[in-house]
1. Would you tally the residues in the stretch 110-163 being at pLDDT 75 or above and within 31 Å of the chain's Cα centre (by Cα)?
2. Could you give every pair whose Cβ atoms fall below 8 Å, whose first residue belongs to the stretch 82-107 and is under 15 Å from Lys120 (Cα atoms), and whose second residue is assigned to a loop (DSSP other than H, G, I, E, B) and modelled with pLDDT of 90 or more, counting only separations of at least 6 or pairs across chains?
3. Every residue in the stretch 69-89 that is assigned to a helix (DSSP H, G or I) and loosely packed, with under 13 Cβ neighbours inside 10 Å, please.
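The values are calculated or read from the model by the stated rules, or taken from the named source; none is laboratory data. Note that the coordinates shown come from a computational prediction; the quantities given were computed from them, not determined experimentally. Please note: Cβ atoms are built from the backbone with ideal geometry, for glycine as well, and neighbour counts cover all protein chains shown.
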Amino acid sequence: MSSFRANLVFLLSAALMASPAFATRTHRPAPAAHFSSTHSGSAHSRSSHRAAPRSHKLHGQTAIEPARVTEIQQALIREHYLSTEANGQWDAATEAAMQKYQADQGWQTRLMPDSRALKKLGLGPDYSGAINAKNSSFVDPPPVSTIPNEQASGFAQAAGINR
């Protein structure tokens, strides 16, 4: 009987020592309904232990550079959506003009310009320096007649062509 008790004490001790390893350390505040006006005056009210609310971090572009705003304004003026002068400031008139332009195209109106609208206004990305651009800095390949015979036969053999 004493060995049974010894084993039981050992198991209970092991369980008590292992239980903190499985405990959670995350504190979740109780629902707001739990803190009624009757608890607000008590010294042990949980409301005084609440953490400050976390601020929401904004992602993506939050402002447009003045030079880019000027380009957009000039394009909106050219398309007769903006009647003021381009001043580089994303003001209410510019925002309204862009929203009207996007709505007229059947696109969602957002506070920031839609990429489709910018492309249609001629303000999309510049691919003039891309590899496959018309006037790129890459030279045309040499004519076939300038390739040495050994190299040409190697190409033909690799391609499975009989010469």
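1. Looking only at that region, the number is 14.
2. Ala97/Tyr81; Ala97/Leu82; Met98/Tyr81; Lys100/Tyr81; Tyr101/Glu79; Tyr101/Tyr81; Tyr101/Leu121
3. If the condition is that a residue be assigned to a helix (DSSP H, G or I) and loosely packed, with under 13 Cβ neighbours inside 10 Å, then Arg78 is the only one that fits.
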